[in-house]
1. Could you give me the percent of Cα pairs per 5 Å distance bin for the chain, shortest bin first, beginning at zero and ending with the bin that holds the maximum distance?
2. Taking 0.36 nm per residue of separation and subtracting the Cα-Cα distance, what length does fully extending H107 through K158 add?
3. Rounded, prolate or oblate: pick one for the range 110-172, where a ≥ b ≥ c are the square roots of the eigenvalues of its C-alpha gyration tensor, a/c under 1.5 means rounded, and failing that, prolate if a/b is larger than b/c, else oblate.
4. Using θ = phi - 60° and the Karplus curve 6.51 cos²θ - 1.76 cosθ + 1.60, what whole-Hz ³J(HN,Hα) does each residue of the range 130-147 get, with Gly and Pro shown as x?
5. Could you tell me the extents of the range 7-132's C-alpha atoms along the three principal axes, largest first, rounded to whole Å?
6. Amide H neighbours of F26 under 5 Å, at least 5 residues apart or on other chains, H built in the peptide plane: list them.
7. Applying the Karplus parametrisation 6.51 cos²θ - 1.76 cosθ + 1.60 with θ = phi - 60° to the phi angles of the range 151-166, what ³J(HN,Hα) value in whole Hz is obtained for each residue in order, glycine and proline being reported as x?
8. Let's test the formula: R0 of 35 Å, r as the Cβ-Cβ distance of A190 and R121. What FRET efficiency results, to the nearest 0.05?
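No lab work stands behind these numbers, since they all come straight from the coordinates. Keep in mind that this is a model prediction, so the values were computed, not measured. Note: ideal-geometry Cβ built from the backbone for every residue, glycine included; neighbour counts use all protein chains shown.
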Amino acid sequence: MKLKKSALNVLISAGPTREFIDPVRFISNSSTGTFGYLLAKTAKQLGHNIVLLMGPSNFKPIPGIETINFISALDLKKQMDDYFDWADCIICSAAVGDFRPVIRAKHKIKKNQMMARIKLRPNPDILKALGKKKKNKILVGFALESENLLKNAQAKLKAKNLDLIIANQIDSDKNPFGSGLTNAYLIDSADFKQYDNISKAKLVRIILDRISSL
Ligand code: CTP
């Protein structure tokens, strides 16, 4: 593997968020954190300095990588803000929940009270907030879409002021998270490229090469 001449400080978020309803129940998603974990591992091998913000997952910390765990979107936002000044490049691969319960009940809610008790409020869009203050930092996001993949991902790139976005189509019969082959677009403000049936390891190398060239 070619070693990078100038190492970047790369802040990576990975994995799902959990938004607790009561002490035992939460709202989450099926992200495994695989992609962000691979990105962190490979970027480290390329000589970059990495801080990995990791949601609930089964991955063990990678030696030489500072790994900080988060649970909720608000935890993640705080950690992103804490490391913002340090980072030259921020890659938001975490699957951030868009909503959280207004109140986290102290006691387990009885099932017959559940429907009346759960009220949701929106979480902040962490990536969008980073895009507003990014200046010359490299900001990379992801887009998961069920339809109009390219168009929706290009709109996210613009709305969140990103340098690069990786877009994945959600097929109803296939988990978009996990370790299999994937289809993806790599999109910047000028151009896009499509990759079909590519391994996540290969895609990660392509993304990191692109980041180095930005
Ligand atoms: N993201 C974020 N904060 C949120 C939601 C998303 O930082 N509250 C980030 C994700 O980490 C990802 C990108 O925004 O890099 C796009 O996430 P995605 O779920 O595809 O899109 P949303 O912005 O949530 O929009 P929608 O759910 O309407 O497609």
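1. Calculated P(r), rounded to whole percents: 1, 7, 15, 18, 20, 17, 11, 6, 3, 2, 1, 0, 0.
2. 14.1 nm
3. oblate
4. Working through the residues one at a time gives 5, x, 6, 10, 5, 6, 9, 6, 8, 10, 10, x, 10, 9, 10, 9, 8, 8 Hz.
5. 55, 32, 20
6. Distant-sequence amide H within range of F26: I21.
7. Karplus-based 3J(HN,Hα) across the range 151-166 equals 5, 5, 5, 4, 5, 5, 3, 6, 4, 9, 6, 9, 8, 8, 9, 10 Hz.
8. 0.40
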